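J.: Can you keep this structure in mind? I'll have questions shortly.
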2 protein chains.
Amino acid sequence: MSAPPDAAFAALADGTRWKVLVRIGREPASASALARELPVSRQAIVKHLEVLAAAGLVFSQRRGREVVHVAVGERLSALGRDLDRIGQGWDDRLAVLKEAAEGG
Amino acid sequence: MSAPPDAAFAALADGTRWKVLVRIGREPASASALARELPVSRQAIVKHLEVLAAAGLVFSQRRGREVVHVAVGERLSALGRDLDRIGQGWDDRLAVLKEAAEGG
DNA sequence: CCCTGATGCAACCGTGGGGTTGCACAGGAG
DNA sequence: CTCCTGTGCAACCCCACGGTTGCATCAGGG
């Protein structure tokens with residue numbers, strides 16, 4: 001199958017968002033906490049978390065007056081395995097093309 | 001390792017670009033040929049191919065007056081394996097958090 | 001040689017998305 | 001009760017990016 005939801009890619013494509021994801025993968029944190037660590041406003045963080053949540057990449061949990069977020073690896077792993085598999089298939093065709101190029 | 005592969009993600013994030021990539025993964029094609037198949041101009045295709053090439057995801061070969069492009073799976077597979085691995089690590093932490101949430 | 005079709009380059013356009021600021025509201029800590 | 005701090009919502013800004021059009025160029029085929 002070659003239909004990985006580009007939505008997931010879009011979620012991972014942004015540098016800041018990736019940092020956020022990696023950070024909360026290392027240890028859960030609130031939006032405010034993340035905003036203190038990264039050079040962007042809390043609102044920016046919130047938006048990133050929303051995108052990541054929509055992509056099923058983060059799990060959020062209200063802890064008192066805070067909302068703690070943590071990265072969910074399941075989706076990422078699944079996506080990763082898909083990519084790996086897809087890439088395998090491509091390389092077969094690539095070999096053929098390169099061969100043809102060299103041969104004539 | 002959680003190296004920022006956001007460059008590769010950015011290349012994969014766009015829907016049209018992904019279609020192009022999948023298409024030339026199935027079989028090599030020129031920009032003009034792709035432009036005929038997809039609902040975008042040749043120039044748009046060319047730009048996508050440039051982005052993909054910059055990400056090391058396509059291999060281009062001049063064949064007479066045409067330039068044939070084909071998808072390279074190697075990078076994609078490597079990226080996929082990275083994602084899988086990273087995701088694994090996250091899920092460990094996630095388990096801890098969820099446990100704490102349920103426990104109190 | 002001449003016509004056709006593929007590529008290359010450049011200018012231009014519109015939208016989306018990342019980022020910000022401001023403000024109102026809620027819930028602990030003292 | 002009263003601060004302090006974390007969240008939520010909304011309006012707004014700006015630039016990168018996907019896409020287009022136009023034109024010049026180059027390589028094969030008849």
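The values are calculated or read from the model by the stated rules, or taken from the named source; none is laboratory data. Given the structure is predicted, the values throughout are model-derived calculations rather than measurements. Heads up, the Cβs are rebuilt from the backbone with ideal geometry, glycines too, and the neighbour counts pull from every protein chain shown. Only protein heavy atoms, including side chains, enter the accessible area calculation; ligands, DNA and RNA are left aside. Shrake-Rupley method; radii C 1.70, N 1.55, O 1.52, S 1.80 Å.
J.: When you go through A:Leu94, A:Leu12 one by one, which is the residue that is at pLDDT 95 or above, within 9 Å of chain B (Cβ to nearest Cβ) and under 23 Å from B:Gly25 (Cβ atoms)? Explain how you work it out, then say what you get.
T.: Working: A:Leu94 fails: at pLDDT 95 or above.
Just a single option satisfies the conditions, and that option is A:Leu12.
J.: For the range B:29-66, how many residues are within 9 Å of DNA strand C (Cβ to nearest atom) and on the phi > 0 side of the Ramachandran plot?
T.: 1
J.: Filter the range B:13-40 down to residues that are more than 10 Å from DNA strand D (Cβ to nearest atom) and either in a helix (DSSP H, G or I) or farther than 21 Å from B:Gly64 by Cα (or both), then give me how many there are. Show your work before the answer.
T.: Keep residues of the range B:13-40 that are more than 10 Å from DNA strand D (Cβ to nearest atom), which gives B:18, B:21-34, B:36-37.
Add one more test, that the residue is either in a helix (DSSP H, G or I) or farther than 21 Å from B:Gly64 by Cα (or both), and what stays is B:18, B:21-26, B:31-34, B:36-37.
Final tally of qualifying residues: 13.
J.: Could you say whether any residue in the range B:62-74 is part of a helix (DSSP H, G or I), away from DNA strand D (no atom under 16 Å from the Cβ) and at pLDDT below 95?
T.: yes
J.: Now, a different point. Given the condition of a type in the set (Gly, Ala, Ser), over 30 Å from A:Ile24 (Cα atoms) and in contact (Cβ under 8 Å) with a residue 24 or more places away in the chain, answer yes or no: does some residue in the range B:49-72 qualify? Break it down into steps so the answer makes sense when it comes.
T.: Looking only at the range B:49-72, we keep the residues that are of a type in the set (Gly, Ala, Ser), and these are B:53-56, B:60, B:64, B:71.
After this cut, where a residue has to be over 30 Å from A:Ile24 (Cα atoms) as well, the list is B:53, B:60, B:64, B:71.
Then drop every residue that is not in contact (Cβ under 8 Å) with a residue 24 or more places away in the chain, which leaves B:71.
Yes, the range B:49-72 has at least one match.
J.: Does B:Ala7 satisfy being closer than 28 Å to A:Gly25 by Cβ and in a helix (DSSP H, G or I)? Steps first, answer last, please.
T.: Details: closer than 28 Å to A:Gly25 by Cβ: yes; in a helix (DSSP H, G or I): yes.
Yes.
J.: Does at least one position in the range B:11-31 carry a residue that is of a type in the set (A, V, I, L, M, F, W, C) and loosely packed, with under 15 Cβ neighbours inside 10 Å?
T.: Start the filter on the range B:11-31 by keeping residues that are of a type in the set (A, V, I, L, M, F, W, C), which leaves B:11-13, B:18, B:20-22, B:24, B:29, B:31.
The next check asks that each one be loosely packed, with under 15 Cβ neighbours inside 10 Å; those that pass are none.
Checked the range B:11-31: no residue is of a type in the set (A, V, I, L, M, F, W, C) and loosely packed, with under 15 Cβ neighbours inside 10 Å.
J.: For residues that are of a type in the set (A, V, I, L, M, F, W, C) and within 11 Å of the chain's Cα centre (by Cα), scanning just the range B:55-77, find the one that is farthest from the other protein chains (Cβ to nearest Cβ). It would help to see each step written out before you state the result.
T.: Taking the range B:55-77 as the starting set, the residues that turn out to be of a type in the set (A, V, I, L, M, F, W, C) are B:55, B:57-59, B:67-68, B:70-72, B:76.
Those still in the list that are within 11 Å of the chain's Cα centre (by Cα) too: B:55, B:57-58, B:71-72, B:76.
Numbers: B:Ala55: 11, B:Leu57: 9, B:Val58: 10, B:Ala71: 4, B:Val72: 6, B:Leu76: 4 Å.
Here the residue is B:Ala55.
J.: Exactly one of these conditions fails for B:Ile45: (1) surrounded by 20 or more Cβ atoms within 10 Å (Cβ to Cβ); (2) of a type in the set (Val, Ile, Thr); (3) within 22 Å of A:Asp82 (Cα to Cα). Give me its number.
T.: (3)
J.: Mind listing whichever residues of the range B:48-57 are open to solvent by less than 50 Å² (accessible area, probe 1.4 Å) and near DNA strand D (Cβ under 9 Å from one of its atoms)?
T.: Once the filter is applied, which keeps residues that are open to solvent by less than 50 Å² (accessible area, probe 1.4 Å) and near DNA strand D (Cβ under 9 Å from one of its atoms), the range B:48-57 yields only B:His48.
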